[in-house]
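What follows is a single structure, written as structure tokens, with notes after it.
The values are calculated or read from the model by the stated rules, or taken from the named source; none is laboratory data. Bear in mind that the values here come from a model prediction, so they are computed numbers and not experimental data. Positions of Cβ are generated from backbone atoms using ideal geometry, with glycine treated the same way; all protein chains shown enter the neighbour counts.
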Amino acid sequence: MSAVASHTVPSAALRFARGINVGLAVFLALYGTIAVLQPGYFEVEGFLNFLRRAAPLIILACGQLFVIAGGGFDLSMGSLVTLTVLGGSMLAGGNPENTWWTIGVLYLIGLGVGLVNGLVVTLLKVPSIIATLGMLLSLNGAALMWSGGAPRGYLPENFRALGRLVYRDVPVTGIMPLSVLILIGFVGIAAWLLHATVFGRQVLAVGDNPRAAELAGVPVGATRVLVFVISALSAVTAGILLGGFAGVSTAVGQGLELQAIAACVIGGAQLLGGRASVTGAVAGALSLFALFTLLNLMGLPQPLRETVQGLILIAAVASSAWRMRRA
Amino acid sequence: MSAGADIATARPARDVPVAPLLFAGSLALYIATALATGQHAYLTGEGFVGLTQRMVALGIVALGQTLTILVGSIDLSVANLISVSAVLASFIMKGEPAMIVPAVLAVLALSAAVGLVNGLIIARLDVNPLIATLGVGLILQGLLSASFSNFAGSVPAAFQAFAYGRIGPLPWSVLLLFVLAFAIWLMLTRTRFGAHLYATGGNRDGARLAGLRTERVMIGAHVLCSLMAGLTGLYLASRLRAGAPWVGRDGVYDLESIAVVVIGGTLLAGGRGGVWGTLAGVFLFATLDAVFNMTGIDAFPKQVLRGAIVILAVAVYAVRSKGHVA
Amino acid sequence: MKTQIGLTALLAALSTGAIAQNFNDPAEFERQKALLTVAAQGPDGKPWEQNLGGEKVDTAKYKKPGPYKLCFSNAGVNNPWRVVGFTNMQAEVDANKADIASFTHADAEGKDDKQISDINAFVNSGQCDALIVSPNTTAALTPAVEAAAKKLPVVVFDRGVDSKAPVTFINPIGGYGFGIQGASFIAQKIPAGGSVLALRILPGVDVLENRWAAAERIFKEKGIKVVGAEFTNGDNAKTKAIVEDYLNRFGKIDGVWMDAGATAVAALEAFEDAGKPYPVINGEDQQDFLQKWKKNKLTAIAPTYPTYQWRTPVIAAIRILKGEPVVGPTWKLPQPAITAENLDKFVNDKMPPLHYALCGCEQMTNYPARWGGK
């Protein structure tokens, strides 16, 4: 990583290829194995169902990617997911008429959380790992305080539909889960923001070397605040899909932040900034989710699944570090 | 973490005596709460012994974490290693006093090996320390939980003296914490290894160019950190009379140890800080536990407050620093 | 990929050679099975004051004038069951205002080490006439509870300690009882040769392991095919994913056994989403499951681990300090199951989804608002 500052930034095409290589290769291998074990996964319908389940993690990974690209971490994502689900049930109270303004309020909460994270990091100069760790604790407490420790209401059916509804008899694909459409839209926006806008370039520049970026006229503080806002908004989106898919619970967000970080890293993102691709993050999240699915299907004892996850994580990052050095 | 250098480029403003301020502030909070709630027993000798006893487990592991952070790395596997050590200790001892020494040696050897693996993956394979130690932690926890699902074995009465025994009014374990802190302070300030640790953490490339074998320093810091986690596991096995595969994770020793180190003024980027700040951070956490108990605050607002305090405790001095933080 | 599978095989081989823990105690299984049929003694309609035939403990030596200062060391409020339980306990304290001068609690946040310190601090504080403990784990808290019992009367509930030092230990029948009730019902209702999927929360939690040990034994006795036993971490999304995969693989699942009810509705939704008929299922006494059961006319049962047990320690502590005899050294509370016959008595649309119906709190002040109901 000491190489970050000195090594030359690779071309966009190369970066793109790298992102694909690590994450996507792992994903294809894992998914292929899944499909051999359970042929249903080879069909379009099986794949779309897989995507539907993986959608929240992919969205979280895309949001986390912006923070990582900017050189930080967001550990508060998981508890923001919990807050979204619990808050959604509190606000909507099972009434379908409340769904749309509830979602609006949830995004406002996300905006607030992202702003606080960003401002604590940029103005109070608290390292993001600590700032968002504090936020993790506080948000979790706040979600439970608000709801009194357990969900107080249901999510209305039209809220649930966002994560649960599947359109049947669709031409070409047969079925189409609504959450997959949301996923495609979200990933599209994320890819555009990071790879096709000035803002995206600024994020990468800030992550690579904040002092140099500042000298080059990049508004470092504002950029940093924005990445935390993006991350928080994606956590709210993931929370809406997860709540929709599976209903209310208090443990829904636990540990998702580390999974999102791991997905980015498997996808070739450089921790502490400077190198990141949305394709990579998507592929990383898909690989991770495929790994969970595969380990489930293989009927491995639960604890050993953790061990295998640990090995794969290290192997993926070690191989990408090795490729970096050769590059 | 060759990475460390970029995690936070800001430097705290000079001359902020974090450790004494944090310590004095925590103590004042503790005394004020005890007086305000009329719980004078907390202000007796026994009350303070109870307070320091709350520091031991987190304190020992945080001393180790201080070293990895100083060298510009980080260790997320400590919580899992603590579980492994606690279980291994009580499993080997099985209540037999004769097995105490073999068990302790086995735990320390295993801990050192884990630290070596961490260090090698980070220094040689160039894997980001966050991911490397997260992965190693998962591997450890998986193997442990696959083999044990409950309290395994037990520790003999003689070994319980480690957690429950006292010299005069002072528990052995509290004494050990301070002796360890003093020893590490000596090592950091009076030995060549200590100087190399600071140099490597401050600027790894520079240190390497100056001829330091930074890989060895990095590995050394990780071995020491893992040894401290192993000691924490031994302490918990002694205090709980047995080890269970969840003691480390339930204690959240990974994130809490990092938090107290940073609260104590050690730079997350490495190169600056020390053990006394860490101990003061641990003291703050112990104080919060006691204060929350005295005031009888509900569990959920307590979490909110704790999160805010973690941020504010760092912000208090970080806010005056120059440059950018990520 | 190859290396990964090779590695996996190696690890699996390692783990089979490892040490299996014993959560399956046949004697305790038989004891709890017998207790399920014992008629409760005590005041009618107040199961939290009833018992399943325990001895009485003489408490004259603890007698002192009131009102009393009670202290409570809580393992944590880290799940809805404990949240409802703790609300019951606080309501019980309020209901006994005349006898209670103060009620102080310390929350150990699920940490053994912290709970030991909390108990020591209570004993040292001199502010406690009696101490109530809900231990985080049995083995680890035993020494602290024993030390406390030398200084003041201690009441333990939910999980126990390995000691006779507490004045009494209160809990319902236990994990085996839960497992027996659920598994027997499923075994009886599914068609011959039918298949059962077991969904568990986590490994290593004593009461959950006991539930599974009992269920596994019942299924084996009745010759039922268990197609899988999976851990869900109590996560709805993971539960749905697992059930979907099993439905894909086997086409049909006749029964779903659960070691805790929190994700029962998610499991049922997976059947809905796949367009399959509902399985025979056991949940727990959470309202979301009971409501779904009633609405969709499921074939179901809800064994319970009643939260009304959180009321009993307060009652016991006051009786002890008044010198009245209490049931002890173990006080077994009844552990009823909700069945199709009495379902209507427990369903309540006004209560939140994860409210536990057997709270025994319906007649308490501020019901239902205090429990989050409308």
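Assess whether A:VAL252 counts as being among the hydrophobic types (A, V, I, L, M, F, W, C) and part of a loop (DSSP other than H, G, I, E, B). For A:VAL252, the condition - among the hydrophobic types (A, V, I, L, M, F, W, C) and part of a loop (DSSP other than H, G, I, E, B) - is met.
Scanning region B:14-27 finds one or more residues that are over 22 Å from the mean Cα position of the chain (by Cα), modelled with pLDDT under 95, within 14 Å of another protein chain (Cβ to nearest Cβ) and over 29 Å from B:LEU231 (Cα atoms). Here B:VAL291 does not fit the description of being assigned to a helix (DSSP H, G or I), of a type in the set (A, V, I, L, M, F, W, C), free of Cβ contacts under 8 Å to residues at least 24 places away in the same chain and closer than 25 Å to C:ASN78 by Cα. Residues that are within 13 Å of chain B (Cβ to nearest Cβ), over 19 Å from the mean Cα position of the chain (by Cα) and buried (at least 22 other Cβ atoms within 10 Å of the Cβ) are absent from region C:165-174 altogether. Scanning region B:52-78 for residues that are part of a helix (DSSP H, G or I), crowded, with 24+ Cβ neighbours inside 10 Å and within 11 Å of chain C (Cβ to nearest Cβ) turns up B:VAL56, B:ALA57, B:LEU58. Residues in region C:304-359 that are within 16 Å of C:GLN181 (Cα to Cα) and more than 17 Å from the chain's Cα centre (by Cα): C:THR339, C:ALA340, C:GLU341, C:ASN342, C:LEU343. Kindly indicate whether any position in region C:185-198 is at positive phi and not assigned by TED's automatic domain parsing to the domain that holds C:SER125. Checking region C:185-198: at least one residue is at positive phi and not assigned by TED's automatic domain parsing to the domain that holds C:SER125.
Here C:GLU55 clears all of (1) touching a strand residue (DSSP E or B) at 6+ places or on another chain (Cβ under 9 Å); (2) at the interface with another protein chain (Cβ under 10 Å from one of its Cβ atoms); (3) surrounded by fewer than 19 Cβ atoms within 10 Å (Cβ to Cβ) except the condition numbered (2). The requirement of being within 14 Å of chain C (Cβ to nearest Cβ), in contact with a Leu (Cβ under 7 Å, 6 or more places away or on another chain) and not in a loop (DSSP other than H, G, I, E, B) is not satisfied by A:SER234. Looking at this structure, is B:ARG204 among the basic types (Lys, Arg), under 18 Å from the mean Cα position of the chain (by Cα) and at pLDDT below 95? For B:ARG204, the condition - among the basic types (Lys, Arg), under 18 Å from the mean Cα position of the chain (by Cα) and at pLDDT below 95 - is not met. Taking region B:250-274 as the range and being of a type in the set (Val, Ile, Thr) and either within 9 Å of chain A (Cβ to nearest Cβ) or touching an Asp or Glu at 6+ places or on another chain (Cβ under 8 Å) (or both) as the test, the residues that pass are B:ILE258, B:VAL262, B:ILE263.
Among residues of region C:291-319 being of a type in the set (A, V, I, L, M, F, W, C) and farther than 21 Å from C:VAL196 by Cα, the one that is surrounded by the fewest Cβ atoms within 10 Å (Cβ to Cβ) is C:ILE315.
Filter region C:79-101 for residues that are free of Cβ contacts under 8 Å to residues at least 24 places away in the same chain and away from chain A (no Cβ under 14 Å) and give the result. The one that is free of Cβ contacts under 8 Å to residues at least 24 places away in the same chain and away from chain A (no Cβ under 14 Å): C:LYS97. Taken across region A:225-233, residues that are surrounded by 24 or more Cβ atoms within 10 Å (Cβ to Cβ) and aromatic (Phe, Trp, Tyr) do occur, with at least one present. The strands (runs of 3 or more DSSP E) falling completely within region C:112-204 that include 2 or more residues that are under 23 Å from B:PHE292 (Cα atoms) and at pLDDT 90 or above map to C:130-134, C:154-157. Annotation note: Cβ proximity below 8 Å between a residue of region C:16-32 that is more than 25 Å from B:PRO245 (Cα to Cα) and a residue that is assigned to a loop (DSSP other than H, G, I, E, B) and modelled with pLDDT of 50 or more (sequence gap 6+ or interchain) occurs for C:GLN32/C:ILE173; C:GLN32/C:GLY174. The residue list B:VAL282, B:VAL262, B:VAL304 contains one member that is part of a helix (DSSP H, G or I) and either surrounded by fewer than 23 Cβ atoms within 10 Å (Cβ to Cβ) or acidic (Asp, Glu) (or both), which is B:VAL304.
Select from region A:246-272 the residues that are hydrophobic (A, V, I, L, M, F, W, C) and in contact with an Asp or Glu (Cβ under 9 Å, 6 or more places away or on another chain) and list them in ascending order.
Across region A:246-272, the qualifying residues are A:ALA246, A:VAL248, A:ALA251, A:VAL252, A:ALA260, A:ILE261, A:LEU272.
In the set B:LEU177, B:LEU186, only one residue is more than 14 Å from chain C (Cβ to nearest Cβ) and either over 25 Å from B:ASP126 (Cβ atoms) or not small (Gly, Ala, Ser) (or both); that residue is B:LEU186. Taken over region C:72-106, the residue count meeting the criterion of being assigned to a strand (DSSP E or B) and in contact with an Asp or Glu (Cβ under 8 Å, 6 or more places away or on another chain) is 3.
Per-residue answers, yes or no, for (1) buried (at least 20 other Cβ atoms within 10 Å of the Cβ); (2) within 11 Å of chain A (Cβ to nearest Cβ); (3) small (Gly, Ala, Ser):
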| site | (1), (2), (3) |
| --- | --- |
| B:PHE148 | yes, yes, no |
| B:ALA152 | yes, no, yes |
| B:GLY168 | no, no, yes |
| B:TRP172 | no, no, no |
| B:PHE182 | no, no, no |
| B:THR191 | no, no, no |
| B:ALA210 | no, no, yes |
| B:ARG213 | no, no, no |
| B:ILE219 | yes, no, no |
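Using the structure shown, decide if A:MET145 is out of contact with any strand residue (DSSP E or B) (no Cβ under 7 Å at 6 or more places or on another chain), closer than 28 Å to A:ILE261 by Cα and without any contact (Cβ under 8 Å) to a residue 40 or more places away in the chain. Answer is yes for this residue. May I ask you to list the residues in region C:111-166 that are out of contact with any helix residue (DSSP H, G or I) (no Cβ under 6 Å at 6 or more places or on another chain), charged (D, E, K, R) and farther than 28 Å from B:GLY45 by Cβ? Matches in region C:111-166: C:ASP158, C:LYS164.
If a residue counts only when it is away from every other protein chain (no Cβ under 13 Å), among the aliphatic types (A, V, I, L, M) and farther than 21 Å from A:PHE66 by Cβ, which helices (runs of 4 or more DSSP H) contained entirely in region A:88-187 have at least 2 such residues? Before the answer, list the steps.
Working: elements: A:99-122, A:128-147, A:157-164.
Ranges flagged: A:99-122.
Among the residues of region C:102-111, at least one is within 13 Å of chain B (Cβ to nearest Cβ), among the hydroxyl-bearing types (Ser, Thr, Tyr) and surrounded by fewer than 24 Cβ atoms within 10 Å (Cβ to Cβ). Which of the numbered conditions does A:LEU300 fail, given that it passes all the others? Conditions: (1) at negative phi; (2) of a type in the set (A, V, I, L, M, F, W, C); (3) in contact (Cβ under 8 Å) with a residue 24 or more places away in the chain. The failed condition is (3).
Those helices (runs of 4 or more DSSP H) of region C:270-374 in which at least 2 residues are closer than 23 Å to C:ASN74 by Cβ and hydrophobic (A, V, I, L, M, F, W, C), considering only elements entirely within it, cover C:312-321.
Applying the criterion of being part of a helix (DSSP H, G or I) and charged (D, E, K, R) to the residues of region C:222-252, the residue that is surrounded by the fewest Cβ atoms within 10 Å (Cβ to Cβ) is C:ARG249.
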